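Student: First the structure, which I've put down as structure tokens, then a few questions once you've had a look.
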Amino acid sequence: MTATRTADLRARLKSLSRLSLADLPTPLLELPRLSEHLGGPRLLVKREDQTGMAFGGNKVREFEYSVAPAVDEGYDVLLHGAASQSNQSRVTAATAARLGLKAVMVGRQDAHAEPVNGNLLLTTLFGAEVHLVQSGEERQRVIEQLEAAGHKVYDTSSDGYYLRSVAYVDGCLELQDQLLERDLRADGIYLASGMHTHCGLSVGAAALGMDARIVGISMSPQDDTVEQGRLAATANHVAELLDLDLNFGPEDFETYGAYAGQAYGVPTSAGLEALRLAARYEALVLDPVYTSKAFAGMIDHIRQGQWNKDQTLVFVHTGGTPGLFAYAQEVL
């Protein structure tokens, strides 16, 4: 049954247009010293920070599917805007450079915009036209100016939206293959959850019949019930896109905003502890905005006794490490 489900899901994914951007498969590595330090369970890390292009991260895998329509439909500008240290802006700029398109970043003039460092430095290095603004109105003016000049603008946040989750249905297949090769079963899968990695893994796991808790740790404070509903709605769109006979409700998703701290982009003490533990026990580099908070949530669940030493957890490292260099004062 597993082989049949796997073959069927692969066929559905192959029917979609896809670019070649990432170095795949990404490694699945053991974390034995940290597992021993925590008293179990067995810990593994799925290295999505090693997707290759532009210092890697989950966005590289996502863009293989979500930016394909931009190429197919003749767009000439890839645009993104978020925090000044946005990982997605970095990968948008890198993807544009790889494809020979124009990149425009309309980011926020925030606390980590100066000095130019980390993701912002890389975004600039990849040739993006960078605008750091104070409001959404300023962002919209940039887009209108581009369109008035005859450009066809593809926003990597909103365009190809559901295809970003589709990419992690494919990622779930890859992870399952790696686990089966080692005769392993994941009891739990942890990740920094915004939307698409969590949603795609959940759809993939349901399609494949994987029995694992998929636990999302949000990088921003949230109403968990509302977020569960958002994840379920997106998952149902993705299932429909792939013509899968699946239906998701909020109860199918596990997500926690309690580990986010006071705000997005603000490190937490537990996250910084997790960042240091990963570095000092396994030479694993996390970032202070996303993966350190997710790792802290996983560690807290282990310390609460939610997992025992005979179980296996996979931490999906979604990347973001270039941002670490802009947070030196908070980390050290």
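The values are calculated or read from the model by the stated rules, or taken from the named source; none is laboratory data. These numbers come from a predicted model, not from an experiment. Quick reminder, even Gly has a Cβ in these numbers, built from the backbone with ideal geometry, and neighbours come from all protein chains shown.
Student: Return the total of residues in the stretch 116-149 being without any contact (Cβ under 8 Å) to a residue 12 or more places away in the chain and in contact with an Asp or Glu (Cβ under 9 Å, 6 or more places away or on another chain).
Tutor: 0
Student: Name the single residue, out of those in the stretch 131-170 being under 26 Å from the mean Cα position of the chain (by Cα) and of a type in the set (Asp, Glu), that is nearest to Leu79 (Cα to Cα).
Tutor: Taking the candidates together, the pick is Asp155.
Student: Could you give me the residue pairs with C-beta distances under 7 Å whose first residue belongs to the stretch 45-62 and is free of Cβ contacts under 8 Å to residues at least 24 places away in the same chain and assigned by TED's automatic domain parsing to the domain that holds Val91, whose second residue is in a helix (DSSP H, G or I) and not β-branched (Val, Ile, Thr) wherever it lies, and which are 6+ apart or on separate chains?
Tutor: none
Student: Any residue at all in the stretch 109-119 that's in a helix (DSSP H, G or I) and surrounded by 19 or more Cβ atoms within 10 Å (Cβ to Cβ)?
Tutor: Checking the stretch 109-119: at least one residue is in a helix (DSSP H, G or I) and surrounded by 19 or more Cβ atoms within 10 Å (Cβ to Cβ).
Student: On to the next question. For the stretch 163-175, which residues satisfy the criterion of being surrounded by fewer than 24 Cβ atoms within 10 Å (Cβ to Cβ) and touching a Ser or Thr at 6+ places or on another chain (Cβ under 7 Å)?
Tutor: Leu163, Leu173
Student: For the stretch 50-74, which positions are under 13 Å from the mean Cα position of the chain (by Cα) and surrounded by fewer than 24 Cβ atoms within 10 Å (Cβ to Cβ)? Show your work before the answer.
Tutor: Going through the stretch 50-74, the residues under 13 Å from the mean Cα position of the chain (by Cα) turn out to be 50-51, 56-63.
Hit for the stretch 50-74 is Gln50, nothing else.
Student: Follow-up. Could you check Arg47 against (1) surrounded by 17 or more Cβ atoms within 10 Å (Cβ to Cβ); (2) touching a helix residue (DSSP H, G or I) at 6+ places or on another chain (Cβ under 7 Å) and say which number it fails?
Tutor: Going through the list (1) surrounded by 17 or more Cβ atoms within 10 Å (Cβ to Cβ); (2) touching a helix residue (DSSP H, G or I) at 6+ places or on another chain (Cβ under 7 Å), Arg47 breaks only (2).
Student: I need the full set of residues from the stretch 137-165 which are among the charged types (D, E, K, R) and farther than 20 Å from His198 by Cβ, in order please.
Tutor: Glu137, Glu138, Arg139, Arg141, Glu144, Glu147, Lys152, Asp155, Asp159
Student: Based on what the data block shows, is Ala22 of a type in the set (Gly, Ala, Ser), crowded, with 18+ Cβ neighbours inside 10 Å and out of contact with any strand residue (DSSP E or B) (no Cβ under 9 Å at 6 or more places or on another chain)?
Tutor: On the way: of a type in the set (Gly, Ala, Ser): yes; crowded, with 18+ Cβ neighbours inside 10 Å: yes; out of contact with any strand residue (DSSP E or B) (no Cβ under 9 Å at 6 or more places or on another chain): yes.
Against the criterion (of a type in the set (Gly, Ala, Ser), crowded, with 18+ Cβ neighbours inside 10 Å and out of contact with any strand residue (DSSP E or B) (no Cβ under 9 Å at 6 or more places or on another chain)), Ala22 qualifies.
Student: I've got another one for you. Please indicate, with yes or no, whether at least one residue in the stretch 296-307 is more than 25 Å from Gln88 (Cα to Cα), outside any helix (DSSP H, G or I), assigned by TED's automatic domain parsing to the domain that holds Leu44 and hydrophobic (A, V, I, L, M, F, W, C).
Tutor: Yes: one or more hits.
Student: Given (1) farther than 17 Å from Gly265 by Cβ; (2) in contact (Cβ under 8 Å) with a residue 60 or more places away in the chain; (3) among the small types (Gly, Ala, Ser), identify the lone condition not met by Ala96.
Tutor: That leaves (2) as the condition not met.
Student: Across the stretch 164-211, what is the total count of residues that are of a type in the set (Ser, Thr, Tyr) and either closer than 18 Å to Tyr256 by Cα or free of Cβ contacts under 8 Å to residues at least 60 places away in the same chain (or both)?
Tutor: Initially, the stretch 164-211 is screened for residues of a type in the set (Ser, Thr, Tyr), giving 165, 168, 190, 193, 197, 202.
Now narrow it down to the ones that are either closer than 18 Å to Tyr256 by Cα or free of Cβ contacts under 8 Å to residues at least 60 places away in the same chain (or both): 190, 193, 197, 202.
Number satisfying all stated conditions: 4.
Student: Next question. I want to confirm something. Restricting to the stretch 265-297 and keeping residues that are in contact with a strand residue (DSSP E or B) (Cβ under 7 Å, 6 or more places away or on another chain) and not aliphatic (A, V, I, L, M), which single residue is farthest from Glu48 (Cα to Cα)?
Tutor: Looking at residues that are in contact with a strand residue (DSSP E or B) (Cβ under 7 Å, 6 or more places away or on another chain) and not aliphatic (A, V, I, L, M), I get Gly297.
Yes/no per residue for (1) under 22 Å from Lys59 (Cα atoms); (2) buried (at least 16 other Cβ atoms within 10 Å of the Cβ); (3) modelled with pLDDT of 95 or more:
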| position | (1), (2), (3) |
| --- | --- |
| Ala148 | no, no, yes |
| His151 | no, yes, yes |
| Thr156 | yes, yes, yes |
| Arg185 | no, no, yes |
| Ile189 | yes, yes, yes |
| Gly194 | yes, yes, no |
| Thr197 | yes, yes, yes |
| Ala205 | yes, yes, yes |
